[in-house]
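The values are calculated or read from the model by the stated rules, or taken from the named source; none is laboratory data. The structure presented is a predicted model; accordingly, all values stated were derived computationally and were not measured. Cβ coordinates were reconstructed from backbone atoms using ideal geometry, including for glycine residues, and neighbour counts include every protein chain displayed.
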There are 2 protein chains.
Amino acid sequence: MPKQVDHRRRRDDIARAMWTVVDQRGWAGASLREVAAEAGMSLGQVQHYFASRNELLEFAVQAASDQTSRRVARGMEELGESPHPRDVVRLILVEMLPLHPDARPTSRIHAACVLEALHNESMREQIGSGMRDGRDGLKQLVTQAQANAQIDPDRDPDTETDLLLALTGFTPLLELGVVPPSDVIAAIETHLDNLFATT
Amino acid sequence: MPKQVDHRRRRDDIARAMWTVVDQRGWAGASLREVAAEAGMSLGQVQHYFASRNELLEFAVQAASDQTSRRVARGMEELGESPHPRDVVRLILVEMLPLHPDARPTSRIHAACVLEALHNESMREQIGSGMRDGRDGLKQLVTQAQANAQIDPDRDPDTETDLLLALTGFTPLLELGVVPPSDVIAAIETHLDNLFATT
C-alpha cells in the first residue's frame with residue numbers, strides 16, 4: 001500500500017478517535033493525550049500528524065463537514081435527476097440536525113467548534129467560512145425556486161435563507177430531548193410547506 | 001451587613017467571574033482555579049461556596065437564566081399592561097439571542113452547558129427542565145393568541161411553538177458574524193408577521 005494512503009488513513013483514524021472522545025466524555029476531555037489513547041497510538045504518533053490540539057480540531061471539523069456533505073450527496077442521488085428544491089432543502093436541513101446516529105457526532109463537533117471559535121481566530125475563520133458557503137448554497141436554491149415560481153418571488157431571499165438556517169436551532173432541543181425527532185420533522189415540513197406555498 | 005447577604009453576594013461574584021473566564025478564554029479554561037483568580041479569591045475560598053466545578057456550573061447556569069428572566073421582565077414593563085402577544089414573543093426571542101452585550105455571556109453559558117449536559121446527567125436535567133419550562137410558557141402564549149384570534153386557530157400550537165424556539169438557531173450565526181444582528185431582527189419580524197397573520 002502506498003505510504004500516502006496510509007498517512008491519510010492514520011489522520012482519519014485520529015479524527016474518528018477524537019469524535020469518539022468528544023461524544024463520550026465531552027469537549028473538555030478531548031486532549032491530544034486522550035485522543036491518542038482512544039486511537040490506540042502513542043502521544044508521539046499523534047503529534048507526528050497533528051502538532052497541536054488546534055491542528056487536530058481543524059482537521060476534525062473539516063472531516064465532519066466532509067462527512068455531512070457526503071451524506072447530502074448520497075441523499076441527492078436518491079432524489080434522482082432534477083429534484084424539487086423543497087426536497088433538496090429538506091435533505092440538507094435533516095442532515096445538519098442530530099436526527100440519526102451518523103449525524104450526531106458531526107453535529108456535536110460542529111456545536112463544540114462554534115464555542116471554540118469564539119476564542120480561536122483560525123477556527124473562527126474556518127467555521128465561519130463553512131457557514132457562509134452553506135448559506136450561499138441555500139440562498140441559491142431559494143432564488144432558483146423563486147425564478148421557477150416555486151417560492152413566491154415577493155419574499156426576501158436573504159430573510160428566507162436565514163430562517164432556513166435558523167432551523168438548525170433544533171439541535172439543542174433534540175440533544176436534550178425537549179422536542180422529539182418526529183416533531184422536529186413535522187415542524188420542518190410545516191415551515192417548508194409555508195415557504196413553498198405559492199398562491 | 002447581615003452575613004446571609006454577604007454570602008449571596010460572594011456566590012454572585014464567583015458566578016460572574018466564571019462568565020468572564022468563559023467569555024474571554026472559553027469553556028476549557030473555566031476551572032475552579034481560573035475562576036478563583038478572576039474573582040480575586042483563593043481556590044479555598046471558592047471551594048467554601050462551591051465544592052466542585054459542577055456545583056459552580058449549575059449555579060452559574062441558574063444565575064444566567066435568572067438574568068435573562070430579569071431582562072424579559074424589564075422588557076415586559078416597557079410593553080405596558082395587556083401587551084400584544086406578538087410583542088411578548090418578540091421580546092423573549094430577542095433576549096435569548098446574543099444581540100446585545102448583556103445577552104452575550106448568558107447565551108454563551110447556555111450554549112456551553114448544552115454541550116456539557118450531553119455528558120453530565122444533573123446538568124442535563126437542569127438545562128432540559130429549563131428549556132421545557134420555556135417551551136411551556138411560549139406554547140401558552142401561542143394558544144392564548146389562537147383563542148384571541150391573533151393566530152390562525154388551524155395552526156398546530158406545538159409545531160408553531162417549536163418553530164419559535166428553533167429561532168434561537170440564530171445564535172451561532174450571530175456569534176460568528178454570518179448573519180448581522182439587523183438581518184436576524186428582520187427575519188424574526190418576518191416569521192412573526194407570518195405567524196400572527198390571520199385572514
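One table, with the values for the structure above:
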{"quantity": "Filtered residue count, region A:153-163, keeping only those that are surrounded by fewer than 21 Cβ atoms within 10 Å (Cβ to Cβ), in contact (Cβ under 8 Å) with a residue 24 or more places away in the chain and within 7 Å of chain B (Cβ to nearest Cβ)", "calculated": "0"}
{"quantity": "Odd one out for B:Ala166 among (1) more than 17 Å from the chain's Cα centre (by Cα); (2) of a type outside the set (Ser, Thr, Tyr); (3) facing chain A (nearest Cβ under 7 Å)", "calculated": "(1)"}
{"quantity": "Residues located in region B:72-112, provided they are touching a residue at least 40 places away in the same chain (Cβ under 8 Å), among the small types (Gly, Ala, Ser) and in a loop (DSSP other than H, G, I, E, B)", "calculated": "none"}
{"quantity": "Filter pass, B:Glu95 being at pLDDT below 85 and touching a Gly at 6+ places or on another chain (Cβ under 7 Å)", "calculated": "no"}
{"quantity": "Residue that is farthest from the chain's Cα centre (by Cα), among those in region B:1-27 that are small (Gly, Ala, Ser) and modelled with pLDDT of 85 or more", "calculated": "B:Ala17"}
{"quantity": "Failed item in (1) more than 30 Å from A:Leu176 (Cα to Cα); (2) outside any loop (DSSP other than H, G, I, E, B), with A:Asn54 passing the rest", "calculated": "(1)"}
{"quantity": "Filter result for A:Leu115 (facing another protein chain (nearest Cβ under 7 Å), more than 19 Å from B:Ala111 (Cβ to Cβ) and assigned to a helix (DSSP H, G or I))", "calculated": "no"}
{"quantity": "Residue match in region A:19-36 (condition: crowded, with 18+ Cβ neighbours inside 10 Å, over 30 Å from B:Leu32 (Cα atoms) and more than 14 Å from chain B (Cβ to nearest Cβ))", "calculated": "no"}
{"quantity": "Pair list, Cβ under 7 Å, 6 or more apart: region A:52-71 residue buried (at least 17 other Cβ atoms within 10 Å of the Cβ), other residue among the acidic types (Asp, Glu) and part of a helix (DSSP H, G or I)", "calculated": "A:Leu57/A:Glu116; A:Ala63/A:Asp12; A:Thr68/A:Glu95; A:Arg71/A:Glu95"}
{"quantity": "Boolean, A:Glu189 is within 10 Å of chain B (Cβ to nearest Cβ) and in contact with a helix residue (DSSP H, G or I) (Cβ under 6 Å, 6 or more places away or on another chain)", "calculated": "no"}
{"quantity": "Residues being more than 12 Å from chain A (Cβ to nearest Cβ) and either among the polar types (S, T, N, Q) or buried (at least 19 other Cβ atoms within 10 Å of the Cβ) (or both) - total across region B:118-140", "calculated": "2"}
{"quantity": "Unmet requirement for B:Gln144, which otherwise passes all of (1) buried (at least 18 other Cβ atoms within 10 Å of the Cβ); (2) part of a helix (DSSP H, G or I); (3) touching a residue at least 24 places away in the same chain (Cβ under 8 Å); (4) touching a Pro at 6+ places or on another chain (Cβ under 8 Å)", "calculated": "(1)"}
{"quantity": "Qualifying residue in region B:156-165 (condition: touching a Lys or Arg at 6+ places or on another chain (Cβ under 6 Å) and within 22 Å of A:Cys113 (Cβ to Cβ))", "calculated": "no"}
{"quantity": "Leading residue by the ranking (farthest from the other protein chains (Cβ to nearest Cβ)) among those in region A:170-186 that are of a type in the set (Val, Ile, Thr) and part of a helix (DSSP H, G or I)", "calculated": "A:Ile185"}
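Let's see how each residue does on (1) among the β-branched types (Val, Ile, Thr); (2) within 18 Å of A:Gly169 (Cβ to Cβ); (3) within 11 Å of the chain's Cα centre (by Cα):
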site: A:Gln67; (1), (2), (3): no, no, yes
site: A:Val114; (1), (2), (3): yes, yes, no
site: A:Arg135; (1), (2), (3): no, yes, no
site: A:Gln144; (1), (2), (3): no, no, no
